[in-house]
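A short write-up of the structure that comes next.
The values are calculated or read from the model by the stated rules, or taken from the named source; none is laboratory data. For clarity, every value in this text was computed on a predicted model and none was experimentally measured. When we count neighbours, we look across all protein chains shown, and the Cβ atoms used for this are built from the backbone with ideal geometry, even at glycine. Just the protein is used for accessible areas: all its heavy atoms, side chains included, with ligands, DNA and RNA removed. Shrake-Rupley method; radii C 1.70, N 1.55, O 1.52, S 1.80 Å.
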Amino acid sequence: MDKQSIYDLTFDQLTDWIVDHGQQRFRAQQVWDWIYKKRVTQFLQMKNVNKECIHLLEKNFYIHSLEEEIKQESRDGTIKFLFKLADGNLIETVLMRFNYGLSVCVTTQVGCNIGCTFCASGLLTKSRDLSAGEIVEQIMKVQAHLDEQGKGERVSHIVVMGIGEPFDNFNNVMDFLYIVNDDQGLNIGARHITVSTSGLAHKIYDFADTGIQANLAISIHAPNNELRTKIMKINRAFPIEKLMEAIHYYLEQTNRRITYEYIMLKDVNDHQKEALQLAELLSDHRHLAYVNLIPYNAVDEHDHYKRSETKSIQAFHETLKQQGINNGVRWEQGADIDAACGQLRSKQIS
Ligand code: SF4
């Protein structure tokens with residue numbers, strides 16, 4: 001029988017498994033504590049767990065599966081990790097330092113099928129989804145790095161914005177959220193977690209229905225279908241009208257603010273007319289909208305796109321502001337390393 005990652009299991013799943021295998025229920029709490037609080041890397045280190053339970057765990061699970069291939073550290077403290085999965089595939093994880101805490105950006109799929117035309121990751125189509133455990137282990141690896149530094153730092157925020165479309169791997173990503181949010185474990189507050197989708201409208205309904213308090217970000221990138229389809233192929237399947245219907249449902253159910261990601265591409269989507277269109281699109285629920293303007297990080301793979309000039313970004317920002325839309329510019333982290341999403345991985349593969 002193939003072993004499974006222990007990080008795949010939510011606390012309830014672990015409890016059921018332990019009870020189904022003839023062990024007492026409280027063992028689940030002990031095991032959970034060893035994994036997420038003491039962060040052991042071997043079952044044998046779980047000192048207060050009985051031998052029979054350790055043996056069962058060893059027979060059925062493993063703890064460690066990701067290998068660190070590369071670690072690039074930026075002058076601003078951003079660290080980009082390239083991990084090798086058990087099957088040899090490579091994924092990226094990024095640790096970013098902000099004044100409000102330490103945030104980790106996780107990958108959810110090997111490659112991506114969404115086909116955003118500006119993205120280095122989108123060039124390498126999806127070969128598989130990551131398991132919940134593979135996503136959790138990215139956090140554990142980064143936390144292990146922080147533990148090694150001995151400064152008592154902990155991952156406080158998570159953005160599910162790395163390679164892959166999280167809602168195309170919905171169940172595993174939801175399990176991941178339950179695991180990292182568990183208050184007996186890593187205890188990363190749901191309000192400190194943001195899940196970013198390219199706009200899989202049908203899954204936005206599902207996400208609203210889960211009742212999870214995590215934040216939602218939507219990559220909008222253009223305010224009309226013609227332009228959005230050019231930038232993001234996914235817009236053919238989920239055009240803006242469908243997306244806005246799903247957003248309306250989400251807002252009704254949750255009353256939670258949505259962040260709209262808008263990548264600033266020179267002479268493509270950065271004119272005043274697009275700013276006005278975007279403001280109009282969001283006008284009905286502007287009190288629950290925040291637009292993140294993201295200066296494009298040029299990558300060799302997409303030399304037809306350039307970063308918008310600073311004055312265009314500023315003008316776009318001002319126009320939105322005048323129209324009553326909250327917005328800000330998200331300047332890059334880790335500018336001196338392979339900062340663009342997917343860049344480190346695609347360089348290694350090629
Ligand atoms: S930007 Fe995200 S959703 Fe779009 S192709 Fe890249 S990884 Fe996929």
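Structure values in brief
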quantity: Any hit, the stretch 95-109, residues being hydroxyl-bearing (Ser, Thr, Tyr), within 16 Å of the chain's Cα centre (by Cα) and part of a helix (DSSP H, G or I); calculated: no
quantity: Index of the failed condition, Gly211 passing every other in (1) within 20 Å of Glu252 (Cα to Cα); (2) in contact (Cβ under 8 Å) with a residue 24 or more places away in the chain; (3) not charged (D, E, K, R); calculated: (2)
quantity: Ala214 being closer than 25 Å to Val329 by Cα, in contact with a Lys or Arg (Cβ under 8 Å, 6 or more places away or on another chain) and of a type in the set (Gly, Ala, Ser); calculated: yes
quantity: Residue match in the stretch 86-106 (condition: basic (Lys, Arg) and under 30 Å from Phe238 (Cβ atoms)); calculated: no
quantity: Complete set of residues in the stretch 118-136 that are at pLDDT 90 or above, in a loop (DSSP other than H, G, I, E, B) and over 18 Å from His64 (Cα atoms); calculated: Lys126, Ser127
quantity: Candidate set: the stretch 155-180, residues that are touching a strand residue (DSSP E or B) at 6+ places or on another chain (Cβ under 7 Å) and within 24 Å of Gln30 (Cβ to Cβ); chosen: the one surrounded by the fewest Cβ atoms within 10 Å (Cβ to Cβ); calculated: Val155
quantity: Test for Asp2: is it out of contact with any helix residue (DSSP H, G or I) (no Cβ under 6 Å at 6 or more places or on another chain), outside any helix (DSSP H, G or I), of a type outside the set (Val, Ile, Thr) and over 18 Å from Asp147 (Cβ atoms); calculated: yes
quantity: The stretch 1-31 - residue that is under 18 Å from Ile179 (Cβ atoms) and aromatic (Phe, Trp, Tyr) and, of those, least open to solvent (accessible area, probe 1.4 Å); calculated: Tyr7
quantity: First in the stretch 282-293 and part of a strand (DSSP E or B), second anywhere and open to solvent by 60 Å² or more (accessible area, probe 1.4 Å) and of a type outside the set (A, V, I, L, M), Cβ under 9 Å, 6 or more apart; calculated: Ala289/Arg257; Ala289/Asn326; Tyr290/Arg257; Tyr290/Asn326; Val291/Asn326; Asn292/Arg330; Leu293/Arg330
quantity: Residue in the stretch 242-256 that is closer than 28 Å to Lys311 by Cα, open to solvent by 20 Å² or more (accessible area, probe 1.4 Å) and outside any loop (DSSP other than H, G, I, E, B) present; calculated: no
quantity: The one condition in (1) farther than 30 Å from Asn89 by Cα; (2) hydrophobic (A, V, I, L, M, F, W, C); (3) open to solvent by 20 Å² or more (accessible area, probe 1.4 Å) that Trp34 fails to fulfil; calculated: (1)
quantity: Enumeration of residues in the stretch 119-141 that are surrounded by fewer than 21 Cβ atoms within 10 Å (Cβ to Cβ) and of a type in the set (A, V, I, L, M, F, W, C); calculated: Leu123, Leu124
quantity: Cβ-Cβ under 7 Å pairs, at least 6 apart or on other chains, the stretch 112-129 side more than 9 Å from the ligand (Cβ to nearest atom), far side at pLDDT below 75 and open to solvent by 30 Å² or more (accessible area, probe 1.4 Å); calculated: Leu124/Ile349
quantity: When residues of the stretch 196-229 are limited to those that are in a loop (DSSP other than H, G, I, E, B) and within 14 Å of the ligand (Cβ to nearest atom), the one nearest to Cys112 (Cα to Cα); calculated: Ser198
quantity: Matching residues, the stretch 231-246, being among the charged types (D, E, K, R), within 16 Å of the ligand (Cβ to nearest atom) and at pLDDT 95 or above; calculated: Arg236
quantity: Check on Lys71, open to solvent by 20 Å² or more (accessible area, probe 1.4 Å) and under 16 Å from Gln143 (Cβ atoms); calculated: yes
quantity: The lone exception for Met264 - which of (1) assigned to a loop (DSSP other than H, G, I, E, B); (2) crowded, with 19+ Cβ neighbours inside 10 Å it fails; calculated: (1)
